[in-house]
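Below you'll find the structure, written out as structure tokens, and then a few comments.
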Amino acid sequence: MGWSRKHLLGLEDVGRDEITTILDTASKFREVLDRPVKKVPTFRGITVVNLFFEASTRTRMSFELAEKRLSADVMNFSASTSSLKKGETLRDTARNIEAMKVDMVVMRHPSPGAPHFLTNHIDASIINAGDGPHEHPTQALLDLFTMRENVGDLQGKRVTIVGDIVHSRVARSDIWGLVTMGATVTLCGPKTFMPAEVEAMGVTVSHDIREATADADIVNILRIQRERQEGCFLPSLREYTDLFGIDSDRLAAMRPDVLIMHPGPINRGVELAPDVADGPRSVILDQVTNGVAVRMAVLYLLSRVRASERVDEPEILAEVTI
Ligand code: CP
């Protein structure tokens with residue numbers, strides 16, 4: 001029981017006990033966020049850089065807030081205004097930033113494996129904040145946290161993920177995390193949106209939205225990634241909405257206590273109708289709130305390992321409570 005990793009690059013090889021440690025630690029930080037003073041001194045003297053090579057609203061702001069709530073020194077890097085524009089390489093950029101004595105790097109990059117590449121070139125702890133269509137582990141962890149908060153233990157819970165699975169790093173990380181935690185996962189969408197041999201990940205595939213959502217405890221709806229549609233994946237957005245969009249009629253055919261989730265940003269009126277996104281079954285903004293606590297927990301656990309202190313769960317929980 002505990003956490004011994006220096007980096008968080010994905011959820012594919014992260015075990016049940018490790019995920020439970022993160023979620024339990026996040027619960028303690030979630031309590032901190034409800035206090036009048038939403039800050040702990042844990043990261044005094046630790047410097048974190050947010051290295052974003054791709055657009056982001058939620059992940060970038062959530063990490064920055066998590067770092068500030070932990071009292072870290074925070075630097076933000078934006079590719080569009082950096083010396084990458086003058087031809088500097090990723091490796092040189094990272095090594096120069098590390099030379100400023102940075103302890104941890106949060107990285108979003110359009111290329112799968114970019115955060116893994118960085119671990120071979122700098123000593124800082126690396127957190128993957130989304131690498132192309134590969135993984136987005138902290139999004140999956142905040143999804144798991146929000147699910148657990150609402151439906152309890154995920155063992156045996158039925159989760160349906162709807163949409164653009166093939167382009168989705170969120171889907172990939174969600175699937176690894178959910179299967180590890182014992183949930184039953186169904187993927188639903190057009191055949192062109194399903195990765196080849198995805199069943200090998202331990203999921204079921206359906207192309208019938210009513211069948212796939214009828215008994216689901218949780219329906220997690222993904223964004224149609226217009227920026228990644230280079231092939232002929234869809235005849236039209238309108239056809240997608242007709243066949244797979246979640247509106248109030250489709251919601252009415254689901255369980256009355258179903259949980260509606262979406263990682264954001266939402267294409268309103270495409271994959272999700274506005275009245276469902278903003279309706280009583282939606283926990284979309286709770287996901288965002290919980291994301292700060294989950295990212296505080298990930299930063300905290302990695303920093304402890306970086307300080308070469310093997311942590312045990314009771315010790316973590318005791319300290320976070322202070
Ligand atoms: N969910 C998510 O990753 O959103 P951003 O792209 O805004 O960070």
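A few notes on this one:
- Under the span-like rule (Cα at least 18 Å along the axis, Kyte-Doolittle mean at least -1.0), DSSP H helices of the chain: 16-32, 137-151, 284-306
- Here the simple spin-label model places points 7 Å from the Cα toward Cβ, and for Thr20 and Ala196 these points are separated by 3.8 nm.
- The C-alpha atoms of segment 178-246 occupy a region whose extents along the principal axes are 35, 24, 17 Å, arranged from largest to smallest.
- Value of Rg to Rh for segment 1-128 (Rh from inverse mean 1/r over Cα pairs, i.e. Kirkwood): 0.97
- Debye log10 I(q)/I(0) for the chain, one point scatterer per Cα, at q = 0.08, 0.10, 0.12 Å⁻¹: -0.36, -0.56, -0.81
- FRET E, pair Ser80, Glu149, Förster distance 45 Å, beta-carbon r, rounded to 0.05: 0.80
- Among the lysines of the chain, pairs at least eight places apart or on separate chains and with Cα atoms under 19 Å apart come to 7.
- Once backbone amide H atoms are built at 1.01 Å from N, Glu271 has Ile224 as its partners under 5 Å, excluding neighbours fewer than 5 places away on the same chain.
- Surface composition of the chain: carbon and sulfur make up 51 percent of the accessible area, probe 1.4 Å.
The values are calculated or read from the model by the stated rules, or taken from the named source; none is laboratory data. Note that the structure is predicted; figures quoted are calculated from it, not measured. For neighbour counting, all protein chains shown are included, and Cβ atoms are generated from backbone atoms with ideal geometry for every residue, glycine included. Ligands, DNA and RNA are stripped out before the accessible areas are found, and what is left, the full protein with its side chains, is counted by its heavy atoms. Shrake-Rupley method; radii C 1.70, N 1.55, O 1.52, S 1.80 Å.
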